[in-house]
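These notes are about the structure you will find just below.
Derivation of every value follows stated rules applied to the coordinates shown; laboratory data play no part. Note that the coordinates shown come from a computational prediction; the quantities given were computed from them, not determined experimentally. For neighbour counting, all protein chains shown are included, and Cβ atoms are generated from backbone atoms with ideal geometry for every residue, glycine included.
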Amino acid sequence: MAVKISKALACVTVAGMCGWSAHALAADLVVGLFGGSFLDASRECQIKAFEEQTGARVRTKLGSSAQFAAAVRATAGKSDFDVVYLDNSFATQLKNEHLLEPIDRDRLANAKSVAPSAFSGDPPYYVSFMTGSTVIVYDTTQVRTPPRSWADLANPAYAGKLAIGDISGTAGSQLLLALNRMRGGTLDNLDSGFAAIAPLAKASALMYTQADQIVSLFERKEIAVAVWYSDRAGSAIDGGLPLAVVYPEEGAVGILPSVAIPKGSRNVELATRYIDALLSKTVQTCFAEKKYAGPVNTEVRLSDKASQIVAVGKHFDELWLPDPAAVARGMPAWINRWQREIAR
């Protein structure tokens, strides 16, 4: 389903946008954005709508949450970015380091239709625009007995045909946390998680650092199972790959990709308008259907097709959302330990 926003309906579709001052209309907005199929859906649903509404141009720089967080730190309050896409734990880190601008919620015309939990606080320093999941994905032509649990990843049949994420990416850190939780660990003690993930790392064909690396591995049949993202898997299935998504019986790990305005942005007003566009019902519907992203706008209704991939109903209820503040506190030490014990 592709939802297109016409210029004639500009003021109606993204409520309130016509009331903004016009001084930034011709500006460029520099946005740090995830690549691959995520970028494709963002261009079609998010960027196109914003550009039609404002006359501004979006210039994208591609990377991961970790890369954007590092870039914002490196510029120390004089960011080259106006908006960055970050998983909420990375956004929490930057908020705690006073490297984000507060978002003026009163300037978000679509805020009233968005679930309150999408906002980081009052004032919010970041806004979650979708719900995603770290799940198990497998090739239906290679796997006869589908995995059902995180524990099934240790099946010897998957050795050499498994891909997991490096801790620098969300899927890698979330698998570590999921295994730790499954074995009774806590966010204050990840010994169980590191013990469980070490043999999986040795059995993996790749510990990937970019989400779309997995696509080519599945295409070439170099892997049969991956710990990956539900939305990326949905896009790959649309592209013809014979994949299936498994929400582990212990619960998948929920992801709250968010947008934030780095300290030092030269286009705070325009960046706020961009965030408002992302939250509109029309843009949220388009992105949910194109990218299999769980919407935060409560007025969105998913198609049956999208509901097969997006965490809804039982799968949504069972999502585990680790405390982003605890993850932000622990991540530096976890990364150091990963480099010592897991990286190869």
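Table for the structure above
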{"read-out": "Helix 281-291 axis, angle to the chain major axis (alpha carbon atoms, nearest 10°)", "value": "30 degrees"}
{"read-out": "Nearest 10 degrees, 0 to 90: helix 268-278 Cα axis against the chain principal axis", "value": "60 degrees"}
{"read-out": "Nonlocal amide H pairs with L62, under 5 Å, H built at 1.01 Å", "value": "L33"}
{"read-out": "Pairs from K61/K95; K95/K314; K291/K314; K202/K290; K61/K305 whose Cα-Cα separation, in the structure shown, is over 25 Å", "value": "K95/K314; K202/K290; K61/K305"}
{"read-out": "Separation of the T75 and D191 label points, Cα + 7 Å toward Cβ, nm", "value": "4.3 nm"}
{"read-out": "Extension gain, A115 back to E249 (0.36 nm per residue minus Cα-Cα distance, nm)", "value": "45.6 nm"}
{"read-out": "Between helix 324-341 and the chain: long-axis angle, C-alpha atoms, 0 to 90°, nearest 10", "value": "40 degrees"}
{"read-out": "Bins of 20 Å, starting at 0 and running to the largest distance - Cα pair percent for the chain", "value": "32, 58, 11, 0"}
{"read-out": "Among T141, T285, T54: highest mean-square fluctuation, GNM of the chain, C-alpha pairs under 10 Å", "value": "T141"}
{"read-out": "Pair N96, L206: separation of 7 Å Cα→Cβ label points (nm)", "value": "3.2 nm"}
{"read-out": "R301/D323 FRET efficiency (R0 35 Å; Cβ-Cβ; nearest 0.05)", "value": "0.70"}
{"read-out": "Cα-based shape type of region 150-210, given that a ≥ b ≥ c are square roots of the gyration tensor eigenvalues and the cut on a/c is 1.5", "value": "oblate"}
{"read-out": "Estimated inter-spin distance, N155 and R340, nm [label 7 Å along Cα→Cβ]", "value": "3.5 nm"}
{"read-out": "Rg/Rh (Cα only; Kirkwood hydrodynamic radius) as it applies to region 156-263", "value": "0.98"}
{"read-out": "19 Å tail of the calculated P(r), region 55-120, as % of Cα pairs", "value": "41 percent"}
{"read-out": "Per-pair calculated FRET efficiency, R0 = 22 Å: T141 and K314 via Cβ, rounded to 0.05", "value": "0.20"}
